[in-house]
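Worksheet: the structure to be examined is printed underneath.
The numbers here are math on the coordinates, done by the rules we state, and not lab data. No experiment lies behind these values; they were computed from the predicted model shown. Heads up, the Cβs are rebuilt from the backbone with ideal geometry, glycines too, and the neighbour counts pull from every protein chain shown.
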Amino acid sequence: MKKLWKNCHIATMQNGQYSSIEHAAMVTSGQHIHWIGTFDDVPADAYSETIDLNGAWVTPGLIDCHTHSVFGGNRSVEFEKRLQGVSYAEIAASGGGIASTVRATREASEQQLLASALKRVRCLLKDGVTTIEIKSGYGLDYANERKMLRVIRQIAETLPMTVRSTCLAAHALPPEYQDQSDAYIEHICNEMLPKLYQEGLVDAVDAFCEYLAFSPAQVERVFKTAQSLNLPIKLHAEQLSSLGGSSLAARYQALSADHLEFMTEEDVKAMATAGTVAVLLPGAFYFLRETQYPPLQSLQQHGVRIALSSDLNPGTSPALSLRLMMNMGSTLFRLTPEQ
Ligand code: NIG
Ligand code: FE
C-alpha cells in the first residue's frame with residue numbers, strides 16, 4: 001500500500017545542482033520512493049496513511065563515516081584543562097586523553113557501553129544519519145576490543161541504520177605494553193586482528209599514525225595484516241604533525257585518510273592518484289582549537305574527494321550532529337554549501 005508524506009521541503013541534486021521542492025509531498029510504497037513533487041500535483045490514489053512532516057526537510061540519508069561512538073566515561077575535565085592552555089598532547093603524555101577513556105571503557109560492561117552508545121547514535125539518527133561507521137580503539141586488548149566490537153554489532157541489530165565496525169586496536173599504546181610499542185603492534189597483527197576478524201566482528205581496519213601514537217612503519221605492519229585478511233583500511237593521519245601517513249594510506253589503496261591538517265602537497269597527490277577519500281573532521285579541529293587548516297584548495301585542485309564526518313568521541317569531538325559538521329565545514333573550512 002502507498003503512503004503519502006506531505007508538508008515538507010525536499011532537497012534535490014538534479015544535474016549536480018542543489019535545489020529544493022517547496023510545498024512538497026512524497027509517495028512511498030514499502031521501502032521505495034514512488035513519486036515526488038509539489039503537494040498540488042499529488043496523484044489521486046488510495047493511500048493507506050498520510051503523514052504530516054510539519055515542514056521538515058527530506059534529504060538523502062547522511063553517512064557518518066568516522067565515529068568513536070562506543071566509550072565509557074567522559075573527558076569534561078580535559079576540556080577545561082585545554083581551555084587553561086594545556087595541549088591535547090600534554091594531557092595524553094600525563095596519562096589522560098585516550099588512556100583515560102581506555103580505563104573507563106575497560107571498566108564498563110557490554111550492557112553499559114551499549115546503553116550509552118545507543119543514546120549517542122540515536123542523536124545522529126535523529127539528525128539524519130542512516131549509515132554510521134563506529135570504531136573500537138578504547139579497549140586495546142583482545143577482550144576489551146572484542147567487547148566494543150560486539151556492542152557495535154548490537155547497535156546494528158537495535159537501530160534502523162546501516163552500521164559498519166572498524167577495528168582501531170592501533171589507537172594508542174595500552175599500559176601493559178609501556179615502552180614496547182613494536183611488541184603491541186605484533187600482538188595486534190598476530191593475535192587480536194585475525195581472531196576478531198574470524199569472529200565476524202570487523203569490517204575495516206584503522207590506526208592512529210602520529211608521533212604520540214604509532215609510526216608509519218608500525219602502521220604499515222597493521223595494513224599488511226589487514227590486506228592479508230582482505231579488510232579495507234583507513235587511517236588517522238596528519239592530525240598533529242606531518243608523518244606521511246596519508247601517503248602510506250594511499251599506497252595501500254585505503255578507503256580514506258582522515259583529519260589531514262598537516263598533510264603535504266605530496267600526500268595530496270598520492271591520495272588523488274589512489275582515489276583515497278579525504279575525511280575532514282571539523283569537530284576535532286574546532287574542539288582542539290587547531291590553527292593549521294587542511295589544504296582545501298590543493299585537495300580540490302587535485303580532485304581528491306572530500307567527506308565530512310563527526311569524529312564523535314569523548315576527547316576531541318564530543319559532537320552529536322552531522323548537520324553541525326556541515327555548518328562547520330563551511331564556516332571553518334570554507335566549503336560552499338553546494339560542495
Ligand atoms: O579522531 N586522533 C585520534 N583519535 C580520536 C581522538 C580520540 C580521543 O581523544 O579519545 C580523533 O580525534
Ligand atoms: Fe577519530
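A few remarks follow.
- Taking other C-beta atoms within 10 angstrom as a stand-in for reagent exposure, Lys126, Lys2 fall in the order Lys126, Lys2, fewest first.
- The range 150-193-the range 195-257 distance, computed between alpha-carbon centres (Å): 12 Å
- Take every DSSP beta bridge whose two residues both sit in the range 62-331; close to 5 percent of them are antiparallel.
- Rounded Å value of the spacing that divides the Cα centres of the range 1-77 and the range 96-141: 28 Å
- Spacing of the two label points (7 Å from each Cα toward its C-beta) at Gln111 and Ala307, in nm: 3.5 nm
- Positive end of the dipole of the chain (Cβ unit charges, origin at the Cα centre): among Gly137, Val58, Leu260, the Cα lying farthest that way belongs to Val58.
- About its Cα centre, the dipole of the range 62-331 is roughly 780 debye, where the only charges are +1 on Lys and Arg Cβ and -1 on Asp and Glu Cβ.
- Full extension of the chain between Val86 and Gln227 gives 46.9 nm of extra length, using 0.36 nm per residue less the Cα-Cα distance.
- Packing around the peptides 266-273, 83-90, 6-13, 304-311, taken as the average count of other Cβ atoms within 10 Å per residue, puts them in this order, highest first: 304-311, 266-273, 6-13, 83-90.
- In the chain, Cα pairs under 8 Å separated by at least six residues give a relative contact order of 13 percent.
- Length gained when the stretch Tyr211-Asp179 is fully extended (0.36 nm per residue, less Cα-Cα span): 10.1 nm
- The range 62-331 shape via C-alpha gyration tensor axes, a/c threshold 1.5: rounded
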